[in-house]
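Asker: To start, I am sharing the structure in question, which I have written as structure tokens.
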Amino acid sequence: MLDHIIRQDLESILKQLGKDGFRSNGIVITGGAGFLGSWLCDVLVSLQAAVTCIDDFSTGLRENVEHLLDASKFRLLDLDVTHSNLEDDRHHLILHLASRASPEEYQQHPIETLAANSQGTKNMLELARKCDAAFVYASSSEVYGDAEIIPTPESYWGNVNPVGPRSCYDEGKRFGEALCMAYHRAYGVDVRIVRIFNSYGPRLRSDGFYGRALSRFIDQALSDRDVTVHGTGDQTRSFCYVTDTVTAILLAATRSEMEGQVVNVGNPNEVSILELAEKVKAITGTSSKVAFHPRPTDDPQRRCPDISKAKELLRWSPIVTLEEGLRKTVDWFMQYRQRII
């Protein structure tokens, strides 16, 4: 699934990265058929890397990477990272993104979510150790829980409910980070941790438990259904367009200063969920109304990254405004809906 919107966005990523950083490298991407993983596959295949995409399709979609199957340097493995032990020793870089990420979905599958971030992370770290490969762990802003410091720096230790309904993801990611640093200290594995804040763009799922707030809003608005906001909508999030997120992840993989470091990847511009819903309504021109539903347990009140460290280590900051990103995402959803009808 590679339309003109995604093609244009891929070109913008390639311009920022340059042409030679990944050429011929053997790269493993777990969760490679998912939202961010599939974008990483596209970029790295375009840069002539040898890409092994691992996905068990519990949340990823085969259609996200089907267009790459004829590429000579791309292979797709239908595997569960919690049971996978790859013997191949040709890997230079491992990007570990495999995990359920939508709050409704991971609460439906708490044990699988914990396993992907514990045993799955251990399996991939063992592969990195055997191959002497760099290892990038896709962590999350969820490790901060309901943060008491806003904007939130990497030095903040978090305010997480370890036994609440969201703990399978929050604590899973925190454990994954701890495991990465243990491998770094014990075995010298070159680990790099990116704490990803809310990201959006083409290929973000909107269906069922897989949908997240923004993709759900767009789908509802395009169908002229009520746009469902949890609570009063005064809670905030910071939304980063996919091209900015993917660029940051790949910069984290290449900057030598990132070894053994943790960095926030996100857009520091806060927006309330109600304001986001209204923006989606305005862009889509929908007749939908906003409907307020009960707010989930342990839903954080504010979410906003301090990206000072990303500016220093990655020489990166997001360049796509929320308005520009929303218009691209809505356009893509409209085209996608036409393709599947």
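Asker: Of all residues being part of a helix (DSSP H, G or I) and either touching a Leu at 6+ places or on another chain (Cβ under 8 Å) or of a type outside the set (Phe, Trp, Tyr) (or both) in the stretch 101-112, which is surrounded by the fewest Cβ atoms within 10 Å (Cβ to Cβ)? Just the residue, please.
Answerer: Among them, the one singled out is ILE111.
Asker: I want to confirm something. Restricting to the stretch 280-301 and keeping residues that are crowded, with 18+ Cβ neighbours inside 10 Å and touching a strand residue (DSSP E or B) at 6+ places or on another chain (Cβ under 9 Å), which single residue is farthest from ASP234 (Cα to Cα)? If you could, list the steps in order and put the result at the bottom.
Answerer: Within the stretch 280-301, the subset crowded, with 18+ Cβ neighbours inside 10 Å is 280-281, 284, 286, 288, 300.
If we keep only those that are touching a strand residue (DSSP E or B) at 6+ places or on another chain (Cβ under 9 Å) as well, we get 280-281, 286, 288, 300.
On the way: VAL280: 16, LYS281: 17, THR286: 22, SER288: 19, PRO300: 11 Å.
Of everything passing the filter in the stretch 280-301, THR286 is farthest from ASP234 (Cα to Cα).
Asker: Six or more apart or on different chains, Cβ under 7 Å: which pairs go from a residue in the stretch 32-52 that's in contact (Cβ under 8 Å) with a residue 40 or more places away in the chain to one that's surrounded by fewer than 23 Cβ atoms within 10 Å (Cβ to Cβ) and assigned to a strand (DSSP E or B)? Could you list them?
Answerer: ALA50/GLY26
Conditions (1) among the polar types (S, T, N, Q); (2) out of contact with any Lys or Arg (no Cβ under 9 Å at 6 or more places or on another chain), marked per residue:
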| position | (1), (2) |
| --- | --- |
| GLY231 | no, no |
| ASP234 | no, yes |
| ALA248 | no, yes |
| VAL280 | no, yes |
| SER288 | yes, no |
| ARG295 | no, yes |
| ILE307 | no, yes |
| GLU323 | no, no |
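Asker: What number of residues within the stretch 1-53 satisfy the criterion of being at positive phi and among the hydroxyl-bearing types (Ser, Thr, Tyr)?
Answerer: 1
Asker: Hey, another quick one. Go through the stretch 252-332 and tell me which strands (runs of 3 or more DSSP E), entirely inside it, have 2 or more residues that are closer than 25 Å to ALA134 by Cβ. Let's see the steps before the verdict.
Answerer: Working: elements: 261-265, 270-272, 290-293.
Ranges flagged: 261-265.
Asker: Please determine whether any residue of the stretch 220-238 is of a type in the set (Lys, Arg), surrounded by fewer than 24 Cβ atoms within 10 Å (Cβ to Cβ) and over 20 Å from the mean Cα position of the chain (by Cα).
Answerer: Looking through the stretch 220-238, at least one residue is of a type in the set (Lys, Arg), surrounded by fewer than 24 Cβ atoms within 10 Å (Cβ to Cβ) and over 20 Å from the mean Cα position of the chain (by Cα).
Asker: Pairs please, first residue from the stretch 66-87 and hydrophobic (A, V, I, L, M, F, W, C), second anywhere and surrounded by fewer than 13 Cβ atoms within 10 Å (Cβ to Cβ) and not in a strand (DSSP E or B), Cβ atoms under 7 Å, 6+ apart in sequence or on different chains.
Answerer: From the stretch 66-87, the pairs are LEU76/LEU69.
Asker: Residue under question is ILE196, and the condition is that it be touching a residue at least 60 places away in the same chain (Cβ under 8 Å), closer than 30 Å to ASP3 by Cβ and either surrounded by 14 or more Cβ atoms within 10 Å (Cβ to Cβ) or more than 21 Å from the chain's Cα centre (by Cα) (or both); does it hold? Quick ask: steps written out before the conclusion?
Answerer: Details: touching a residue at least 60 places away in the same chain (Cβ under 8 Å): yes; closer than 30 Å to ASP3 by Cβ: yes; either surrounded by 14 or more Cβ atoms within 10 Å (Cβ to Cβ) or more than 21 Å from the chain's Cα centre (by Cα) (or both): yes.
The answer is yes for ILE196.
Asker: Restricting the search to the stretch 44-59, which residues are touching a strand residue (DSSP E or B) at 6+ places or on another chain (Cβ under 9 Å) and not in a helix (DSSP H, G or I)?
Answerer: Within the stretch 44-59, ALA49, ALA50, VAL51, THR52, CYS53, ILE54, ASP55, ASP56, PHE57 meet the criteria.
Asker: May I ask you to list the residues in the stretch 27-58 that are in contact with a His (Cβ under 9 Å, 6 or more places away or on another chain), of a type in the set (S, T, N, Q) and crowded, with 24+ Cβ neighbours inside 10 Å?
Answerer: Matches in the stretch 27-58: THR30 only.
Asker: Got a number for residues in the stretch 168-207 being of a type in the set (Gly, Ala, Ser) and closer than 30 Å to PHE333 by Cα?
Answerer: Adding up the residues that qualify gives 3.
Asker: Turning to a different aspect of this structure: Among the residues in the stretch 106-121, are any among the hydroxyl-bearing types (Ser, Thr, Tyr), closer than 27 Å to ARG216 by Cβ and at pLDDT 95 or above?
Answerer: Yes, the stretch 106-121 contains a residue that is among the hydroxyl-bearing types (Ser, Thr, Tyr), closer than 27 Å to ARG216 by Cβ and at pLDDT 95 or above.
Asker: Being of a type in the set (A, V, I, L, M, F, W, C), without any contact (Cβ under 8 Å) to a residue 24 or more places away in the chain and within 17 Å of THR321 (Cα to Cα): is that true of ALA277 here? It would help to see each step written out before you state the result.
Answerer: Working: of a type in the set (A, V, I, L, M, F, W, C): yes; without any contact (Cβ under 8 Å) to a residue 24 or more places away in the chain: no; within 17 Å of THR321 (Cα to Cα): yes.
No, not satisfied.
Asker: I'm checking my understanding of the structure. Among residues of the stretch 1-34 that are part of a helix (DSSP H, G or I) and of a type in the set (A, V, I, L, M), which one is modelled with the lowest pLDDT?
Answerer: Of everything passing the filter in the stretch 1-34, LEU17 is modelled with the lowest pLDDT.
Asker: Out of all the residues in the stretch 113-122, which are surrounded by 21 or more Cβ atoms within 10 Å (Cβ to Cβ) and either part of a loop (DSSP other than H, G, I, E, B) or of a type outside the set (Val, Ile, Thr) (or both)?
Answerer: Answer for the stretch 113-122, where residues must be surrounded by 21 or more Cβ atoms within 10 Å (Cβ to Cβ) and either part of a loop (DSSP other than H, G, I, E, B) or of a type outside the set (Val, Ile, Thr) (or both): LEU114, ALA116, ASN117, GLY120.
Asker: While we're on this one: For ASP70, work out the one condition from (1) buried (at least 22 other Cβ atoms within 10 Å of the Cβ); (2) assigned to a loop (DSSP other than H, G, I, E, B) it doesn't fulfil.
Answerer: For ASP70, the failing item is (1).
Asker: Please determine, by comparing only the residues of the stretch 123-141 that are within 17 Å of the chain's Cα centre (by Cα) and part of a strand (DSSP E or B), which one is surrounded by the fewest Cβ atoms within 10 Å (Cβ to Cβ).
Answerer: Taking the candidates together, the pick is SER140.
The values are calculated or read from the model by the stated rules, or taken from the named source; none is laboratory data. Keep in mind it's a predicted model, so treat the numbers as computed, not measured. Using ideal geometry, Cβ is built from the backbone for each residue, glycine included, and neighbour counts are taken over all protein chains shown.
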